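Data first, discussion second: the structure below is written as structure tokens.
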Amino acid sequence: MKLIKYLFIAAALMPTIGYSQTPAPKIASLATLDANKDSKITKEEALKAGMPDATFKQIDKDNNGSISVAEFNTYKSQNNSIARLDSDNDKKISRAEAVKAGMTEQEFRILDKDNSGFITQQEWDTGDWIIW
């Protein structure tokens, strides 16, 4: 009887196991990623900042184990739409959305150039930030 009970529980859980949620997008500035300020981001620096290994490999096009400023900027130009952070689809990043993705209050204030309480795509593009 216990076996049947466990089978029913397992069957009930099966649909939820297959649909794991994707993690929320994360963000970081070049300054945050390049902790030792040597103009390259090592794998250790990237992983410490929370960047997944797969993303690091995607950005490190020459496979030399570090991300150059040029590689950072190439990735940024191809993957920097704020839409991934814009959970309410209002075409701007609120303070709550930014903090949830890893931005500090001070960093938010710096990017919110017009002090509107939101970061627009245009404001976002003026900073050295990437989204993964």
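Quick notes
- Near the amide H of I67, within less than 5 Å, lie the amide hydrogens of I41, T42, all on another chain or at least 5 residues away, with H placed in the peptide plane.
- The fraction of accessible area contributed by carbon and sulfur in the stretch 70-132 is 49 percent, rounded to a whole number (1.4 Å probe; ligands and nucleic acids excluded).
- Distance-filtered residues of the stretch 72-100 - backbone nitrogen under 12 Å, label point 7 angstrom along S116 Cα→Cβ: 90-94
- The label-point distance for S39 and N79, in a model that sets each label 7 Å from Cα toward Cβ, rounds to 2.4 nm.
- Chain lengthening between A24 and N63 when straightened (0.36 nm per residue, less Cα-Cα): 11.4 nm
- Rolling a 1.4 angstrom probe over the protein heavy atoms with all chains in place gives the stretch 36-132 an accessible area of 58 Å² per residue.
- With q set to 0.16, 0.24 Å⁻¹, the log10 of I(q)/I(0) for the stretch 31-122, from the Debye formula over equal scatterers at the Cα positions, is -0.75, -1.22.
- Hz values of 3J(HN,Hα) by residue in the stretch 61-71 - Karplus curve (6.51, -1.76, 1.60), Gly and Pro given as x: 4, 8, 6, 9, x, 8, 9, 7, 4, 5, 5
The values are calculated or read from the model by the stated rules, or taken from the named source; none is laboratory data. Quantities reported herein were computed from a predicted structural model and do not represent experimental measurements. Cβ sites come from the backbone with ideal geometry, for glycine too, and all protein chains shown count toward neighbours. Side chains included, ligands, DNA and RNA excluded: accessible areas come from the protein's heavy atoms. Shrake-Rupley method; radii C 1.70, N 1.55, O 1.52, S 1.80 Å.
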